[in-house]
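The values are calculated or read from the model by the stated rules, or taken from the named source; none is laboratory data. Predicted model, so just to flag it, every value in this text is computed and none were measured. Cβ placement follows ideal geometry from the backbone for every residue including glycine, while neighbour counts extend to all protein chains displayed.
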Amino acid sequence: MSEFTYTITAEDKDLAIKQILRQRFQFSARMRNKIKREKLVYLNGEQIPGWITAKPGDVLEIRLPEETSDFIPEDIPIRTVYEDSSLLIINKQPGIVVHPTKGHPQHTLANGIMKEMLDRGQSFKIRFMNRLDMDTSGIVAVAKNSHCQASFMKQSQAGLVEKRYLAIVKGLVKEDQGTISLPIGQPDPERVERAVVEGGSPSVTHYQVLDRFRAGYSLVELSLETGRTHQIRVHMAAIGHPVVSDHLYGESNPFLIERQALHARKLAMLHPVTGEPVSFEAELPEDMANLLEKLR
């Protein structure tokens, strides 16, 4: 169970606990109502109603409601980068879908997390804060409560979330760094492919070349200002440097690597509970590391 604590100050002495809850915590109105309904407010360890006041130095503790998911548990390896009572950060392996869909109802990351949760005797609702394509590896963040998910969304909208990716792309990228600002849309609603289209959603990708290889490939680091479906893959293909082995966007080379050479390397944000900056990094998977060795 996630817990929030706050030490009452002199400024709070005339405020009811319910007022402190509104002013000192970033909970939504819906979450505050749940907390009140389930009597999850404690002062100095004692359960209390929201109308009382407190003294400076008293410790207010808010416990979030317990929830759980009902995915079918499956024995799928979960590579944990970081975990606490509010967050689960995973280094997703390539070849696995994040969340059950009509086309992939089982054998997903969510099914693996469910099994690990049950094995540990934990209980939380699995809320994905970001998603990756099936064949993209790297950082996937899970919020263990709705407050953390909402905080992440607000931070994303405010430009406070940093996402960095590594990609091996075809061709020698000429400029050492640059920005791609091209609108992305879905030309055919019946197909998964996206494209640069007039009137599409504004999309901005920044890139920096980390290495170039004589064989005619480049290693680039990318950061996103927007989060469109397939954004990196579409943008790199649009400038003539598709991600290696990306069959959707024009570079299919299974002799180099069997999936698109794209890895979500880093995620940085403010911790939804403590407010402190946190940063998470995922090791490069073996197949991309081996490809870099080949190219070198």
query = Out of the residues in segment 146-178 that are surrounded by fewer than 12 Cβ atoms within 10 Å (Cβ to Cβ) and in contact (Cβ under 8 Å) with a residue 12 or more places away in the chain, which is farthest from G240 (Cα to Cα)?
reply = G159
inquiry  = Given the options Y207, Y249, name the one that is among the aromatic types (F, W, Y) and in contact with a His (Cβ under 8 Å, 6 or more places away or on another chain).
reply    = Y249
remark   = Per the filter on segment 243-256, residues within 16 Å of D133 (Cα to Cα) and in a loop (DSSP other than H, G, I, E, B) are V244, S245
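Per-residue answers, yes or no, for (1) in a strand (DSSP E or B); (2) under 18 Å from the mean Cα position of the chain (by Cα); (3) not aliphatic (A, V, I, L, M):
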{"position": "E66", "(1), (2), (3)": "no, no, yes"}
{"position": "D70", "(1), (2), (3)": "no, no, yes"}
{"position": "I76", "(1), (2), (3)": "no, no, no"}
{"position": "I90", "(1), (2), (3)": "yes, yes, no"}
{"position": "H99", "(1), (2), (3)": "no, yes, yes"}
{"position": "G103", "(1), (2), (3)": "no, no, yes"}
{"position": "Q106", "(1), (2), (3)": "no, no, yes"}
{"position": "M114", "(1), (2), (3)": "no, yes, no"}
{"position": "Q122", "(1), (2), (3)": "no, no, yes"}
key: Flag for E61 being at pLDDT 85 or above and not in a loop (DSSP other than H, G, I, E, B)   = yes
ask   = What is the one condition in (1) in contact (Cβ under 8 Å) with a residue 40 or more places away in the chain; (2) at negative phi that A237 does not satisfy?
value = (1)
inquiry  = I'd like to verify a number: residues in segment 204-231 that are outside any strand (DSSP E or B), touching a Ser or Thr at 6+ places or on another chain (Cβ under 6 Å) and either modelled with pLDDT of 95 or more or closer than 20 Å to L284 by Cα (or both), how many?
reply    = 1
key: Of all residues in segment 180-233 being among the β-branched types (V, I, T) and touching a Lys or Arg at 6+ places or on another chain (Cβ under 7 Å), the one that is farthest from M153 (Cα to Cα)   = I184
ask   = Of all residues in segment 274-296, which are surrounded by 13 or more Cβ atoms within 10 Å (Cβ to Cβ) and under 15 Å from E83 (Cα atoms)?
value = V278, F280, E281, A282
